[in-house]
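The values are calculated or read from the model by the stated rules, or taken from the named source; none is laboratory data. Note that this is a predicted model, so its numbers are computed, not measured. Here Cβ is always computed from backbone atoms with ideal geometry, including for glycine, and neighbour counts include all displayed protein chains. Side chains included, ligands, DNA and RNA excluded: accessible areas come from the protein's heavy atoms. Shrake-Rupley method; radii C 1.70, N 1.55, O 1.52, S 1.80 Å.
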Amino acid sequence: MILGICNGFQALIKSGLIPYGKIQDLSKRDLTLYHNDCRHHISRTAMTRVACTDSAWTQGFKINDIHEVVLSHGEGKLVGEAIEDFKHLAAFQYCDFEGNATMNGVFNPNGSLLAVEGMVSENGLILGKMGHSERYAEGLYKTRTIAAEQNIFCQGVQYFRGGV
């Protein structure tokens, strides 16, 4: 299993591990991470919806579960001509308050295509995402309460234990 958060997601994309599950040369059509639409670093939270549960990292979630995650990056916009070929690998998508995946910049602050916040490899063992799921603790955020912990780490441990 491999997990890449923020710059780690960039490394997984640039190496080909996401979406292909192996290191390989990439073409101009392939996915990459690019400057946020606002053209500067963002540091805020965003709502995401679970889009895939066919991964060791997402197996215990339900489709459309909503989590609020912390963002802190300057290049988080997932782009690439091949995006439609890999839309089934979207693990998490930016969403509005009702859980609808959206390109609206209020909810998708970097402008990521198909509202993708995180993706898995074909075999589901590799997860890359922009949101910092590790930046969660009860009472940590005084200006806004994060409604639900996106505990991908617990999901990974459960995978090794043989179930959810």
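Before moving on, here are some points about what is shown:
- Taking residues in region 21-32 that are in a loop (DSSP other than H, G, I, E, B), and partners anywhere that are open to solvent by 100 Å² or more (accessible area, probe 1.4 Å), the pairs with Cβ atoms closer than 6 Å and at least 6 places apart or on different chains are Gly21/Glu122; Arg29/Glu81.
- Within region 71-103, the set of residues being surrounded by fewer than 20 Cβ atoms within 10 Å (Cβ to Cβ), touching a Phe, Trp or Tyr at 6+ places or on another chain (Cβ under 8 Å) and assigned to a strand (DSSP E or B) comprises Val79 only.
- Residues that are at pLDDT 95 or above and either open to solvent by less than 80 Å² (accessible area, probe 1.4 Å) or of a type in the set (A, V, I, L, M, F, W, C) (or both) within region 22-47 comprise Ile23, Gln24, Leu26, Ser27, Asp30, Leu31, Thr32, Leu33, His35, Asn36, Ile42, listed in sequence order.
- Screening Gln93 against (1) under 18 Å from Glu122 (Cα atoms); (2) without any contact (Cβ under 8 Å) to a residue 40 or more places away in the chain leaves a single unmet condition, (2).
- With respect to the conditions (1) surrounded by 11 or more Cβ atoms within 10 Å (Cβ to Cβ); (2) over 14 Å from Gly128 (Cβ atoms); (3) in contact (Cβ under 8 Å) with a residue 40 or more places away in the chain; (4) not aromatic (Phe, Trp, Tyr), Thr58 lacks only one, and its number is (2).
For (1) under 18 Å from Met103 (Cβ atoms); (2) at pLDDT 95 or above, each residue gets a yes or a no:
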position	(1), (2)
Asp54	no, no
Thr58	no, yes
Ile63	no, yes
Glu68	no, no
Gly74	no, yes
Lys77	yes, yes
Gly80	yes, yes
Lys87	yes, yes
Phe92	yes, yes
